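A quick write-up on the structure given underneath.
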Ligand SMILES: Nc1ncnc2c1ncn2[C@@H]1O[C@H](COP(=O)(O)OP(=O)(O)OP(=O)(O)O)[C@@H](O)[C@H]1O
Ligand SMILES: [Mg+2]
């Protein structure tokens with residue numbers, strides 16, 4: 001496992017259009033304003049568009065250049081943006097190698113991500129639960145799932161967390177008699193375990209040597225939730241509801257990182273950014289105000305984790 | 001011993017016509033006790049497995065795989081036989097049948113079943129207890145002491161499955177925890193005690209072939225009744241279905257607990273309808289987490305207009 005700096009944040013959502021990119025950008029905006037160095041990485045390996053949202057039509061350098069080994073490090077790809085203190089690594093243009101990297105490519109990418117010179121690295125992941133998305137998500141020390149109160153979003157967010165949970169356990173089962181337990185085919189079979197408890201029971205029987213490591217990995221997994229596009233106070237409950245199901249059925253800890261109201265001003269803000277306006281003014285109240293709270297918590301948590309790591313190391 | 005002679009020896013061992021070896025301890029010891037050949041006659045093993053499974057002797061077929069595994073290095077071909085065995089649809093319930101191997105090994109999935117088989121946890125020891133000589137106790141938990149017995153079956157020339165062992169010893173760990181109740185009606189004369197014919201039970205365990213029940217009311221009425229062998233009608237309300245599913249079963253064992261004033265019983269379904277099979281599948285494989293998610297969303301967030 002590649003050790004990622006504590007300031008690495010992966011932002012996923014399971015479903016498209018829930019506001020992953022807007023949340024990432026607005027958090028980046030505030031983190032920049034708080035004088036942190038921020039790097040954005042467009043981790044939507046199949047359909048990159050973060051650069052467009054930042055007003056960059058044709059990025060001069062993209063992840064393609066790294067994958068095709070035209071540049072040795074990801075720092076070589078950093079582009080300045082209209083957001084103060086925020087730089088961007090633009091996603092590639094549908095290079096098949098990128099949409100579906102092999103193991104060696106993935107490892108090289110993760111190593112390079114760990115080496116980027118920045119305070120915070122925000123990785124905007126694509127929709128869906130492809131293994132690559134799950135692996136990037138799990139590799140980051142901080143993991144965020146963005147969801148909205150829409151039923152499909154709730155279900156996809158939970159489905160994404162569950163898929164990440166199974167992927168994590170599957171990694172621990174490598175080299176054990178149950179190494180195929182969570183293969184996609186087996187996973188859907190009738191009688192396949194549906195909850196952490198059932199899964200642990202099967203592992204305790206079939207691969208007792210692995211059970212401790214599996215439980216430890218799940219204990220260490222923590223996921224942040226951001227509920228976006230809230231239209232009524234009741235809808236804010238979506239966060240605690242998903243948290244409760246994750247706890248009860250998967251034994252996965254989740255924290256609510258923030259809640260963002262539905263705010264038509266976001267569209268205007270996004271449009272201004274897309275037109276390349278130099279963003280200095282956040283506007284008043286609304287979604288961006290909530291994004292400030294989220295950014296503040298992200299910075300705070302990163303600082304805490306960093307100091308804990310230094311303490312452990314000394 | 002030649003490979004085919006070994007298989008012949010296994011066959012007679014399994015039909016109870018030879019001396020009974022104790023099949024415990026380490027592999028070396030086991031090999032010394034078992035009729036073992038240096039080479040494995042895979043076709044012979046396969047034929048014997050088929051023959052035994054065809055007679056409903058699934059546990060015996062598993063034991064053959066276990067013995068064969070003790071004699072070779074690569075288990076790959078045996079795993080293939082195991083997955084074929086696990087895919088076998090059990091015959092019409094016959095009380096003298098062995099349990100289906102997937103039940104015995106905790107899963108119908110070869111990877112898990114094999115790991116139980118492979119980890120030397122399938123023990124076969126001669127039974128010198130009360131159940132007649134010339135039989136073996138086969139278990140997956142004897143190595144952890146009798147109190148931790150997960151499963152045990154008797155098997156011998158006159159195979160009598162499970163019924164006489166402690167009920168607690170017959171439960172398998174991977175069954176689902178259920179929060180289900182069933183309405184029960186005892187069929188036929190209940191004896192002199194009034195009101196002992198209808199009661200409600202908690203379903204603790206459910207498969208398409210039978211159920212484990214706990215009756216918490218009517219303790220005084222049920223206690224001491226000769227229930228084993230009695231038939232009952234069981235109506236099961238399955239969440240998400242409007243009509244309860246009803247079927248007839250036979251009580252295989254009971255156990256009263258005076259401290260909790262409850263009666264536990266095991267029921268075998270006599271002619272389970274197809275919808276019960278479906279209902280069980282829904283319950284067991286149903287996405288309980290997603291159902292729970294929706295129930296929480298509905299009560300806390302409400303439906304979105
Ligand atoms: N809080 C909000 N209020 C109003 N509109 C919002 C809010 N958050 C996001 N949006 C709008 O929703 C749309 C989708 O947002 P965004 O592109 O960030 O989603 P995404 O999850 O990144 O989508 P994709 O999966 O396609 O990358 C955009 O038009 C955005 O302006
Ligand atoms: Mg996006």
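Residue A:18 meets the conditions (1) under 17 Å from residue A:259 (Cα atoms); (2) part of a loop (DSSP other than H, G, I, E, B); (3) out of contact with any helix residue (DSSP H, G or I) (no Cβ under 6 Å at 6 or more places or on another chain) in every case but one. The failed one is (3). Of the residues making up region A:81-102, at least one is within 16 Å of ligand 2 (Cβ to nearest atom), exposed (fewer than 15 other Cβ atoms within 10 Å of the Cβ) and under 24 Å from residue A:275 (Cβ atoms). Among the numbered conditions (1) away from ligand 1 (no atom under 16 Å from the Cβ); (2) more than 21 Å from residue B:298 (Cβ to Cβ); (3) surrounded by fewer than 20 Cβ atoms within 10 Å (Cβ to Cβ), the only one that residue A:252 does not meet is (3). Consider region A:44-61 and keep the residues that are farther than 30 Å from residue A:289 by Cα and away from ligand 2 (no atom under 16 Å from the Cβ). The one that is surrounded by the most Cβ atoms within 10 Å (Cβ to Cβ) is A:61. All of A:52, A:73 fail the test of being within 16 Å of ligand 1 (Cβ to nearest atom), over 18 Å from the mean Cα position of the chain (by Cα) and in contact (Cβ under 8 Å) with a residue 12 or more places away in the chain, apart from A:52.
Conditions (1) surrounded by fewer than 22 Cβ atoms within 10 Å (Cβ to Cβ); (2) more than 12 Å from ligand 1 (Cβ to nearest atom); (3) in contact (Cβ under 8 Å) with a residue 24 or more places away in the chain, marked per residue:
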{"position": "A:5", "(1), (2), (3)": "yes, yes, yes"}
{"position": "A:18", "(1), (2), (3)": "no, no, yes"}
{"position": "A:21", "(1), (2), (3)": "no, no, yes"}
{"position": "A:27", "(1), (2), (3)": "no, no, yes"}
{"position": "A:32", "(1), (2), (3)": "yes, yes, yes"}
{"position": "A:39", "(1), (2), (3)": "no, yes, yes"}
{"position": "A:42", "(1), (2), (3)": "no, no, yes"}
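State all residues of region A:98-144 that are more than 18 Å from residue A:302 (Cβ to Cβ) and within 12 Å of ligand 1 (Cβ to nearest atom); if no residue qualifies, say none. Of everything in region A:98-144, those that are more than 18 Å from residue A:302 (Cβ to Cβ) and within 12 Å of ligand 1 (Cβ to nearest atom) turn out to be A:125, A:126, A:127, A:128, A:133.
Does region A:124-132 contain at least one residue that is under 15 Å from the mean Cα position of the chain (by Cα), within 16 Å of ligand 2 (Cβ to nearest atom), more than 18 Å from residue A:255 (Cα to Cα) and in a strand (DSSP E or B)? So far as region A:124-132 goes, yes, one or more of its residues are under 15 Å from the mean Cα position of the chain (by Cα), within 16 Å of ligand 2 (Cβ to nearest atom), more than 18 Å from residue A:255 (Cα to Cα) and in a strand (DSSP E or B).
The requirement of being in contact with a helix residue (DSSP H, G or I) (Cβ under 9 Å, 6 or more places away or on another chain) and either assigned by TED's automatic domain parsing to the domain that holds residue B:102 or modelled with pLDDT of 70 or more (or both) is satisfied by residue B:212.
The values are calculated or read from the model by the stated rules, or taken from the named source; none is laboratory data. As the structure is a computational prediction, the values presented were derived from the model and not from experiment. Cβ coordinates were reconstructed from backbone atoms using ideal geometry, including for glycine residues, and neighbour counts include every protein chain displayed.
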